[in-house]
Every structure is written in C-alpha cells, then in structure tokens.
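So the structure is just underneath, and the comments pick up after that.
Just so it is clear, none of the values below were taken in a lab; they were calculated from the coordinates. Predicted model, so just to flag it, every value in this text is computed and none were measured. Don't worry about glycine lacking a Cβ; one is built from the backbone with ideal geometry, like all the others, and counts go over all protein chains shown.
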Amino acid sequence: MLTFFTTAKAFEGHSGIIQRNALTSWTLLHPDIEVILFGDDKGAAEIAAELGLRHVPFVERNEFGSKRLDSMFQQAQSLARHDVLCYINCDILLLPEFIVALCRVQQSRDRFLMVGRRWDTDITEPVAFSDPGWRDALRQTAACQGVMQPGHSIDYFVFRRGLYREMPALVIGRIWWDHWLVWKARHERVAVIDVTPSAMCVHQNHNYGYHPSGVKGVHTDVQAKRNFELAGNGKHLLTIDDATHLLGATERQNWYRFWAPTWRVVRPKVVPVWFALLDLTRPVRRFLGLRRAAPARVSDPASR
C-alpha cells in the first residue's frame with residue numbers, strides 16, 4: 001500500500017509525546033503500512049520495536065551534525081517494501097481520509113506528488129488511540145482550535161519510487177528543502193496534487209528548542225542559507241500554491257498556480273500597506289459603525 005519514512009528528535013518530553021502520536025496514527029491508516037524511522041536519536045530504536053517500525057539508524061549528516069534529506073530519500077527508495085512512498089515530518093497526525101485521497105490520486109495517474117496544507121493544533125498529551133472516537137475528536141479539535149497554514153508550510157510528500165533519484169545535500173531542521181521537493185516534481189513534469197480539501201493533516205505545535213536561536217535561527221542561520229543556495233538561490237522553490245491540481249469532490253486544475261509566483265513577490269509590499277490603511281481608517285469606521293471582518297486564521301511564516 002504505502003511506505004512512510006521520517007526522522008525524529010529524541011523521544012523525550014513533549015517531542016516524545018507528539019512523535020509517538022504521529023507514528024501511531026500512520027500505522028492505523030491501513031493494514032499494509034510500512035514505516036521507516038531514520039536516525040539514531042534517543043529512544044528511536046525502542047519506539048520502532050514497540051510500534052513495529054523499521055529502524056535505520058544511519059543517516060548522512062553535514063559538518064554541523066544535521067541530517068541530510070538526500071540520504072534518507074535514497075535509502076528509503078531502495079529499502080521500501082512499497083512502490084509509493086511518503087516522506088512526512090514526525091509531528092503530523094493523519095486520518096483515514098488521507099488514504100482515501102491517495103487511492104483517488106493513484107487511480108487518475110501514475111506519476112504524481114501528493115501534498116496538502118496542515119492544521120496547527122496544540123496537543124500536549126498522548127492521543128487516546130484506544131478510544132473509537134479519537135479520530136472525530138481530533139478533527140473537531142483541529143477545526144475549532146487549530147489554524148490552517150498557508151501553502152508554504154508543507155509536511156508530507158507522497159510520490160512513486162524514482163521521482164527523487166538525485167537531490168542536493170539539503171538538511172532537515174532548516175527551511176527551503178520542502179519547497180525544493182515541490183519544484184523538483186514540477187520540473188520533472190509530474191502532476192502535483194493538493195489534497196487539502198479532501199484530507200485533514202494535523203500538525204502538533206512544538207517549540208524550536210533544538211536551535212539555540214529558536215525559530216529565528218531555523219530561518220536565518222548558515223545552514224538555512226546553505227539550503228537556499230543548494231535550492232538554486234531561490235530559483236528552485238515552489239509551494240502548495242503551485243500545485244497543478246486540487247482534489248476536492250472532484251479533481252480540477254489549480255488555476256491559482258499561474259498567479260502564485262507574482263503574489264509571492266507582491267504580497268510583502270501590499271499587505272503592510274493594507275494593514276496601515278486599516279489602522280488609519282479605524283476611527284472613521286468605528287464612528288460609522290463599521291467593523292472589520294475577522295481575518296482568516298493563518299499564522300506568520302516565522303511560526304513554521
């Protein structure tokens with residue numbers, strides 16, 4: 001059916017809770033699921049044995065000790081039991097509709113990359129998987145309390161073996177690698193399917209304690225800059241907004257992809273002006289009894 005592969009931080013504290021939640025949710029999606037857990041992080045071998053996962057301790061790292069994406073992709077495509085693989089971040093909870101969406105995508109085409117937006121949600125406790133209603137409870141929590149992220153936050157990539165034969169030495173734990181994966185699929189003329197309307201993906205919120213400068217460092221340090229350079233100095237970066245198709249009740253063309261590159265350039269200039277205008281006119285709007293409509297619940301890119 002499907003091989004997931006991922007890597008994790010040490011299985012301790014809050015990270016341990018949400019990573020165990022994520023891994024368990026994947027194993028419950030279908031009887032024929034394989035999960036490969038890469039890395040020799042603390043607790044990885046034990047959780048793999050407990051959940052029946054395949055543990056591969058070795059991952060190539062750069063001189064800073066960060067895990068290389070190309071190493072995991074090369075090994076996974078060689079080792080996987082299934083021809084369809086999914087690289088996924090180890091803090092993502094998935095629900096049965098994920099498999100339904102994948103089956104629909106597979107029925108319509110042979111070559112594809114399946115992606116989708118995530119719902120950022122505060123989850124601090126182990127999910128009660130023994131409760132038959134855990135899935136409905138999770139959907140409700142994410143929909144009512146979570147925040148759906150924009151297209152630049154990409155946490156899973158479903159593809160057929162062989163799509164990513166060659167990759168630059170991008171590293172996990174910094175930005176830009178996910179955008180390169182979308183660009184690569186488009187460059188190979190593979191259909192990129194955004195299944196957001198069909199499959200809820202729940203991201204369990206966490207801090208960035210693994211970096212001394214927190215989230216700012218993840219976005220700006222030397223390794224983030226190197227990822228940017230390896231991704232063509234920004235020339236080879238696309239997001240979910242650049243998907244070729246959307247999967248809802250039916251599959252349709254994503255016409256927004258033609259506007260997305262322009263909006264990425266224009267948005268930083270337009271949005272500050274818009275909010276400045278709102279602030280300037282607020283007294284007049286209050287006097288006239290006009291209220292500003294609530295904005296869409298989307299977080300700042302720096303919260304990735």
- Message: Based on C-alpha coordinates, I'd like the Rg and Dmax of the range 63-154, in Å.
- Response: 16.1, 46
- Query: Based on the alpha carbon coordinates of the chain, what radius of gyration and maximum Cα-Cα distance (Dmax) apply, in Å?
  - Reply: 19.9, 66
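Using a 10 Å cut-off around each Cβ, can you sort 251, 50 from fewest to most neighbouring Cβ atoms? Could you put the intermediate results ahead of the total?
On the way: 251 18, 50 12.
The fewest-first ordering by Cβ neighbours comes to 50, 251.
Grab the other residues whose beta carbon is less than 11 angstrom from that of residue 104, score K and R as +1, D and E as -1, and report the net. Intermediate results must be reported in sequence, preceding the final value.
Details: positive: 109; negative: 97, 251.
Summing Lys and Arg as +1 and Asp and Glu as -1 gives -1.
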- Item | Separation in nanometres of the label points that stand 7 Å from Cα toward Cβ, at residue 216 and residue 30 | 4.4
- Message: Counting other beta carbons within 10 Å of each residue's own, what order do 219, 30, 203 fall into, fewest first?
- Response: 30, 219, 203
- Query: What does the charge dipole of the chain about its Cα centre add up to, to the nearest 20 debye, if the Cβ of each Lys and Arg holds +1 and the Cβ of each Asp and Glu holds -1?
  - Reply: 1360
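Considering only DSSP states other than H, G, I, E and B, which trypsin sites (Lys or Arg not before Pro) in the range 137-193 qualify as loop sites with at most 12 other Cβ atoms within 10 Å? Provide the component values of the computation, followed by the final result.
Details: sites: 139, 160, 161, 165, 174, 184, 186, 189; in loops: 161, 165, 174, 189.
For trypsin sites (Lys or Arg not before Pro) across the range 137-193 that sit outside H, G, I, E and B with at most 12 neighbouring Cβ atoms in 10 Å, the list reads 165, 189.
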- Task: Just name one of 36, 19, 227: the one whose Cα is farthest towards the positive end of the charge dipole of the chain (beta-carbon charges, Lys/Arg +1, Asp/Glu -1).
- Result: 227
- Looking at the range 51-142, which chymotrypsin sites (Phe, Trp or Tyr not before Pro) are in a loop (DSSP not H, G, I, E or B) and have at most 15 other Cβ atoms within 10 Å? 58, 64, 129
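What length, rounded to one decimal in nm, is gained on full extension from residue 136 through to residue 42, with 0.36 nm per residue of separation minus their alpha-carbon distance?
The residue 136-residue 42 span can extend by a further 30.6 nm.
Got a sec? How would 93, 79 order by Cβ neighbour count within 10 Å, fewest to most?
Exposure proxy ranking, most exposed first: 79, 93.
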- Tell me what the chain gives for mean residue ellipticity at 222 nm when only DSSP H runs of n ≥ 4 count, each as -39,500 (n - 2.57), the sum divided by the residue total, rounded to 500 deg cm²/dmol. -11500 deg cm²/dmol
- Query: For the range 120-228, what are the per-bin percents of Cα-Cα distances with bins 10 Å wide, up to the bin holding the maximum?
  - Reply: 11, 33, 33, 21, 2
- Which of 246, 128, 164 sits farthest toward the positive end of the charge dipole of the chain, with +1 on the Cβ of Lys and Arg and -1 on the Cβ of Asp and Glu? 246
